[in-house]
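Peer 1: Dropping a structure here in structure tokens format, bear with me for questions.
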Amino acid sequence: MLIKEATKIIISLSQPDKMPGYAYGLPAPECKTGAKLRLIPDSVCFNCYAFKGNYARFPVILQVQYKRLKSLKDPRWVQAMATLINSKKVIQHKVFRWHDAGDVQDPDHLEKIFEVCRLTPDMQHWMPTREAWVKDHMSSCPKNLIVRLSMTMVDQPAAGTWDNTSTVVTSGATCPAPDQGGQCGDCRNCWNSKISNISYGKH
């Protein structure tokens, strides 16, 4: 598949300022668990960043995200995603983030992501999620994909039943980005399976 055709199918990849490479975002209003958490004070989604800043300032971002969501039904989506991720400008970064906004929608979506990861073995993938049902499918998760269950409440301890998690804390954060101008810099801990939990400072 040509890159031009692949781009037409999946619409685009995103390129968050903080990240060292590319990512893929979906509309935050369509998060399954997140949409419920947004109504709960002290939840990690209550003041969701995907409803602020550039996401709110530029309506075209949300429009593109909804087009991406619709594209998941295209039978060529897996091949198109793999084509773009394997392209020179993307693969050179060596790391890829799933869902800088939004979350996995259902088991079919998850299996498609798994297949994209298998087709892009030279890329290390990271997918944070608040969808606990994903654990039932982890036996088929490719080795080059780190799935981190994101805890739902601020200062909630990491779930011991998951190998990799992330938390939001009011003190003691381990993510170095706030001290690095809001950038990942050289840190790749989120993509490292040996790091059991990443804690992000509440902001």
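Peer 1: I need the calculated FRET efficiency for the pair Thr170 and His93, taking r as the beta carbon distance and R₀ as 35 Å, to the nearest 0.05.
Peer 2: My answer for the efficiency is 0.65.
Peer 1: Once Rh for region 104-193 is found with the Kirkwood sum over Cα pairs, what is the Stokes-Einstein diffusion coefficient at 10 °C and 1.306 mPa s, in µm²/s?
Peer 2: 111
Peer 1: Which entries of Lys67/Lys194; Lys32/Lys88; Lys8/Lys32 show an alpha-carbon separation above 31 angstrom in the structure shown?
Peer 2: Lys67/Lys194; Lys32/Lys88
Peer 1: Pairs of alpha-carbon atoms within less than 8 angstrom and 6+ residues apart define the contacts here; what relative contact order does region 141-203 have, in percent?
Peer 2: Answer for region 141-203 is 35 percent.
Peer 1: Determine the percent antiparallel among the DSSP beta bridges restricted to region 21-165, to the nearest 5.
Peer 2: Percent antiparallel among DSSP bridges in region 21-165 is about 10.
Peer 1: When only Cα pairs under 8 Å and 6 or more residues apart are kept, what is the percent relative contact order across the chain?
Peer 2: 21
Peer 1: Step through the residues of region 162-171 one at a time and calculate ³J(HN,Hα) from phi using the Karplus curve (6.51 cos²θ - 1.76 cosθ + 1.60, θ = phi - 60°), rounding each to whole Hz and writing x for Gly and Pro.
Peer 2: Here the 3J(HN,Hα) series is 10, 6, 10, 9, 9, 9, 10, 10, 8, 7 Hz.
Peer 1: Could you name the aspartates and glutamates whose alpha carbon sits less than 13 Å from that of Lys202, not counting residues in the same chain fewer than 8 places away?
Peer 2: Result set, ordered by chain and number: Asp42, Asp155.
Peer 1: For region 156-203 and region 129-149, what is the separation of their Cα centres, given in Å?
Peer 2: 17
Peer 1: With θ set to phi - 60°, apply the Karplus curve 6.51 cos²θ - 1.76 cosθ + 1.60 along region 137-144 and write out the HN-Hα couplings as whole Hz, x wherever there is a Gly or Pro.
Peer 2: Rounded to whole hertz, the list is 10, 5, 5, 9, 6, x, 5, 8.
Peer 1: To the nearest 500 deg cm²/dmol, what mean residue ellipticity at 222 nm is calculated for the chain from DSSP H runs of n ≥ 4 alone, each contributing -39,500 (n - 2.57), summed and divided by the residues?
Peer 2: Calculated from helices alone, the mean residue ellipticity at 222 nm is -7500 deg cm²/dmol.
Peer 1: Something else: For the chain, count all C-alpha to C-alpha pairs, find those more than 29 Å apart, and express that count as a whole percent of the total.
Peer 2: 19
Peer 1: Could you calculate the contour length gain from Gln63 to Ala35, that is, 0.36 nm times the residue separation minus the distance between their Cα atoms, to one decimal place in nm?
Peer 2: 8.3 nm
Peer 1: Determine ³J(HN,Hα), in whole Hz, for all residues of region 194-202 in sequence, where each value follows from phi through the Karplus function 6.51 cos²θ - 1.76 cosθ + 1.60 and θ = phi - 60°; x replaces Gly and Pro.
Peer 2: These are the phi-based 3J(HN,Hα) values: 6, 8, 5, 9, 10, 10, 9, x, 5 Hz.
Peer 1: Amide H to amide H under 5 Å from Met153: which residues, 5+ apart in sequence or cross-chain, H placed 1.01 Å off N in plane?
Peer 2: HN-HN under 5 Å from Met153: Val44.
Peer 1: On to the next question. So if we plug the beta-carbon distance of Phe46 and Lys70 into 1/(1 + (r/R0)^6) with R0 = 25 Å, what FRET efficiency do we get, rounded to 0.05?
Peer 2: Computed FRET efficiency for Phe46 and Lys70: 0.35.
Just so you know, all these numbers are worked out from the coordinates, no wet-lab data involved. No experiment lies behind these values; they were computed from the predicted model shown. No Cβ is skipped: glycine too gets one built from the backbone with ideal geometry, and neighbour counts run over all protein chains shown.
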